[in-house]
1. On the basis of being touching a helix residue (DSSP H, G or I) at 6+ places or on another chain (Cβ under 9 Å) and surrounded by 17 or more Cβ atoms within 10 Å (Cβ to Cβ), does Ile168 make the cut?
2. Going by the structure shown, is Gly136 more than 28 Å from Leu63 (Cα to Cα), at pLDDT below 90, surrounded by 11 or more Cβ atoms within 10 Å (Cβ to Cβ) and touching a helix residue (DSSP H, G or I) at 6+ places or on another chain (Cβ under 8 Å)?
3. Among the residues of the stretch 50-59, what is the count of those that are in a helix (DSSP H, G or I), out of contact with any Phe, Trp or Tyr (no Cβ under 7 Å at 6 or more places or on another chain) and modelled with pLDDT under 80?
4. Taking the stretch 61-83 on its own, how many of its residues are of a type outside the set (A, V, I, L, M, F, W, C) and in contact with a Leu (Cβ under 9 Å, 6 or more places away or on another chain)?
5. Filter the stretch 173-201 down to residues that are among the small types (Gly, Ala, Ser) and assigned to a helix (DSSP H, G or I) and give me whichever is surrounded by the most Cβ atoms within 10 Å (Cβ to Cβ).
6. Determine which single condition Thr177 fails, assuming it passes every other condition in (1) within 21 Å of Arg101 (Cβ to Cβ); (2) in contact (Cβ under 8 Å) with a residue 60 or more places away in the chain.
7. Looking for something at pLDDT below 85, assigned to a loop (DSSP other than H, G, I, E, B) and touching a Lys or Arg at 6+ places or on another chain (Cβ under 6 Å) - is there at least one such residue anywhere in the stretch 88-95?
8. Quick test of your reading of the structure: Leu126 fulfils all but one of (1) at pLDDT 90 or above; (2) of a type in the set (A, V, I, L, M, F, W, C); (3) farther than 21 Å from Ala203 by Cα. Name the failing condition by number.
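The values are calculated or read from the model by the stated rules, or taken from the named source; none is laboratory data. As the structure is a prediction and not an experimental result, all values here were calculated from the model. All Cβ positions, glycine included, derive from the backbone under ideal geometry; neighbour counts span all protein chains shown.
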Amino acid sequence: MNPTTPNPDPTNPDPTSPDPTSPDPTDPQSPGTDNIADAEATLAFEQDSFERRSGLYRAAITLERTIGILLMVGVFALVMLQVITRYVFDSPLSWTEEVARLTLVWLTFIAAAFVSSRRSHITVDLIATVVPASVGRVIGTFARLVVLAVSAFMAVSGIMMVDIVSAIAMPASGLPTALLYLAATIGFILIFIHTVIEIIMVAKFPEENPDTVDSAAQLEGL
């Protein structure tokens, strides 16, 4: 007669079967699988340490976020207007596609600036995560200087392009073509400003240096 192993969980008759109350990571509807998505959504609206220390900076971030939301709504409204006028009324407006494309360009660069303020652009941190903290800070400083140089170059180039195409109008809407290049110019100027602020804040508050803080722990704590 073989001894039987007692079931450690009396609520689950079969210990070899999965617990029906535990979340299934393969099921998108399972509780617990939305934690990362919720954290990422919260990250977009939660004030970071830099914003909490500066009301002016907090107001600027809020303005960027609001403009981005309005631009996103504008793109959706323009696309829907184009679809309705084309397929419902069979009388498409000639300017909606062009204005929607212009709005999308502005949305792209305003959003890029906002993501830069959150330090959430895609990065390769393979080296920074395995080296000592002091080396990680040096790598982070070098990366910010590269961002400053590239942003300054792109902003100056954008200003030059705005001047070159200032007399050219878009064929359908009649809007200045310079608006396309102005979006990139403003976007890179904002990224430059965000990077300068980050350098200053990291120098003043080194304990909050993102190069030495575990990002996963930050997300988990949101």
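1. no
2. yes
3. If we filter the stretch 50-59 for residues that are in a helix (DSSP H, G or I), which is where we start, we get 50-53, 55-59.
Add one more test, that the residue is out of contact with any Phe, Trp or Tyr (no Cβ under 7 Å at 6 or more places or on another chain), and what stays is 52-53, 55-56, 58-59.
This time we only want the ones that are modelled with pLDDT under 80, so: 52-53, 55-56, 58.
Adding up the residues that qualify gives 5.
4. Start the filter on the stretch 61-83 by keeping residues that are of a type outside the set (A, V, I, L, M, F, W, C), which leaves 62, 64-66, 68, 74, 82.
Those left that are additionally in contact with a Leu (Cβ under 9 Å, 6 or more places away or on another chain): 64, 68, 74, 82.
Of the residues in that region, 4 qualify.
5. Of all residues in the stretch 173-201, those among the small types (Gly, Ala, Ser) come to 173-174, 178, 183-184, 187.
Next, only the ones that are assigned to a helix (DSSP H, G or I) stay: 178, 183-184, 187.
On the way: Ala178: 19, Ala183: 22, Ala184: 21, Gly187: 24.
My answer is Gly187.
6. (2)
7. Within the stretch 88-95 (the criterion being at pLDDT below 85, assigned to a loop (DSSP other than H, G, I, E, B) and touching a Lys or Arg at 6+ places or on another chain (Cβ under 6 Å)), the answer is yes, since at least one residue qualifies.
8. Every condition holds for Leu126 apart from (1).
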